[in-house]
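Notes to accompany the following structure.
The values are calculated or read from the model by the stated rules, or taken from the named source; none is laboratory data. Owing to the predicted nature of the structure, the values given are computational and were not obtained by experimental measurement. Neighbour counts run over all protein chains shown; Cβ positions are idealised from the backbone, glycine included.
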């Protein structure tokens, strides 16, 4: 059962999940452009600055995801020792199976 006080937390978790997925897509696109643009250059260019900005945003998002706790059980929502990287982006808590899709 979902309480009214849980809605902001579930909405925050849902937003973090979407932001991390978008960031992964941006990082992939940046890597492709960087690879196509490299051509043996040795000096930094605007793509490098953009890459550093994307990585900095990614570190901040991962830190926020690491702190996010499930409103149902209190465990960390995105962290599970059962996963190979100890991090997952599924839409439900690995411990109590509470879903962020229930927000709709």
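Within the range 63-89, restricting attention to residues that are in a loop (DSSP other than H, G, I, E, B) and touching a strand residue (DSSP E or B) at 6+ places or on another chain (Cβ under 9 Å), the residue that is farthest from residue 21 (Cα to Cα) is 75.
The set of residues from the range 1-36 being assigned to a helix (DSSP H, G or I), modelled with pLDDT under 80 and exposed (fewer than 12 other Cβ atoms within 10 Å of the Cβ) comprises 4, 5, 8. Pairs linking a residue in the range 44-56 that is in a helix (DSSP H, G or I) to a residue that is surrounded by 11 or more Cβ atoms within 10 Å (Cβ to Cβ), with Cβ atoms under 6 Å and 6 or more positions apart or on different chains, are 47/34; 47/37; 51/30; 54/26; 54/27; 54/30. Any idea which residue in the range 73-91 is nearest to residue 11 (Cα to Cα), counting only those that are modelled with pLDDT under 80 and crowded, with 16+ Cβ neighbours inside 10 Å? Checking each candidate, the answer is 88.
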